[in-house]
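The values are calculated or read from the model by the stated rules, or taken from the named source; none is laboratory data. None of the values given here were measured: they were computed from a predicted structure. Positions of Cβ are generated from backbone atoms using ideal geometry, with glycine treated the same way; all protein chains shown enter the neighbour counts.
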Amino acid sequence: MELRYEVFCKEQGVPRREERDGRDHDAMHLIAVRDGELLATCRLVFVGRTVQFTRLAVARPARRQGIARALLEAADRATLAGGANRIVLHAQTYARSLYDQAGYVARGQEFTEAGIRHLAMEKVL
């Protein structure tokens, strides 16, 4: 939660009440750790055979090291292991290439969420 607060609220200006949406207790949380230090986190919310991938946050010093890509790959494995076969997400538009490279496909038009431009994307496994 501290890492998400740092990235979303402090860096990006997302109001805390929007970052904490009450779904954390129903989610599977994936983390990346190196030498005991938390580098990144994301969460997966299972809704039938679909997973909502949300709250991907990477610590500033750990960015551009392939950690987000590794979490996306772990999310694919966790999705399949959990009996789902589709992942949906709202990508911040500046990070679209990360999701494109991971096999996600854009759907619909860009929109604003928490004051940040996003694009809905999905991936069928």
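Residues considered: Leu30, Leu3, Leu39. Of these, the only one that is buried (at least 16 other Cβ atoms within 10 Å of the Cβ), within 12 Å of the chain's Cα centre (by Cα) and modelled with pLDDT of 95 or more is Leu30. Could you check segment 49-83 and list, in sequence order, the residues that are of a type in the set (A, V, I, L, M) and in contact (Cβ under 8 Å) with a residue 40 or more places away in the chain? Correct list: Ala57, Val58, Ala59, Leu71, Ala74, Ala75, Ala78, Leu80.
If a residue must be surrounded by 15 or more Cβ atoms within 10 Å (Cβ to Cβ) and not in a helix (DSSP H, G or I), how many such residues does segment 60-85 contain?
First, pick out the residues of segment 60-85 that are surrounded by 15 or more Cβ atoms within 10 Å (Cβ to Cβ): 62, 67-68, 71-72, 74-76, 78-79, 84.
This time we only want the ones that are not in a helix (DSSP H, G or I), so: 84.
Here the count works out to 1.
Among the residues of segment 61-100, those that are of a type in the set (S, T, N, Q) and under 24 Å from Arg49 (Cβ atoms) comprise Thr79, Asn85.
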